[in-house]
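Below: one structure, written as structure tokens.
Nothing in this text is a laboratory measurement; each read-out follows from the coordinates by a stated rule. Here the structure is a predicted model, which is why all the values come from computation and not from measurement. As a convention, Cβ positions derive from the backbone with ideal geometry for all residues, glycine included, and neighbour counts pool all protein chains shown.
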């Protein structure tokens, strides 16, 4: 039994199947007799973390509701090459029509979960959390952010409505009205609902101090070297949640975590995805 998915995900599945012309497959129609049945075994071919199994299996049932599906592993499971992930039983032609689309979802999401998990393990023992960004594939945000959680990470804003994040272009827009950083933050705080947090992006220790004094709830240290981040942490002095962002890699993430920041946001988790190698093998009855 599949866990229910949001309507937007079913819409995305339908769009992907339409894009692939899953119901107009001349190869399968020409070569595979319609009565032939098979078992499709989805297998891992690489080390990683699983994400997207319910989405993948939903693709098969969208193509042919008569297909019998069975998830053998759950999202968040650690994968090794050769692990059986799921089984699909029924008409071979239906399995073949759904195969590529189902694997596309599963490979992308498992790639995100696996990469996230590498960052999470790199900062084990620190106080920091790995978080994602809104740099997701259009239409895939729900799935991309779910995959981050399966890898042990946390979600930043889901969309623009989730909080106030003052970035450099917002500050520039108000500078034309002769407003400085402090005034911009104070304006945002005065207009924010009591349920909304105000975050501001800063690029210097001096700006971090101004943001803390102005009462920002969250301060993002953007593209700072770890040594400068530590200085910013000292002047913020616990007055705000601190996020580090910009150019952080697996090679540098531990050094960033050791500065004591609360959050480390990694855009590459979702904007530069390396798909995890997963395949489907047919076994004929």
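Remarks
- Residue 155 paired with residue 254, simple spin-label distance in nm, labels 7 Å along Cα-to-beta-carbon: 3.1
- Shape metrics for the chain, restricted to C-alpha atoms - Rg then Dmax, Å: 23.0, 75
- Between 0 and 90°, nearest 10: helix 205-214 axis offset from the chain longest Cα axis: 80
- Estimated FRET transfer efficiency (residue 3, residue 30; beta-carbon r; R0 30 Å; 0.05): 0.25
- Across 126, 114, 190, mean-square fluctuation computed from a Gaussian network of the chain (C-alpha pairs under 10 Å connected) peaks at 190.
- Alpha-carbon centroid distance for the pair segment 62-96 / segment 191-227, whole angstrom: 46
- In degrees, nearest ten, helix 226-236 long axis to first principal axis of the chain (Cα): 60
- The mean sequence separation of alpha-carbon pairs under 8 Å and at least six residues apart, normalised by the residue count of the chain, gives a relative contact order of 22 percent.
- Space enclosed by the convex hull of the alpha-carbon atoms of segment 124-271, per residue, Å³: 117
- In the chain, the longest principal axis of the Cα atoms and the axis of helix 92-122 are about 30 degrees apart.
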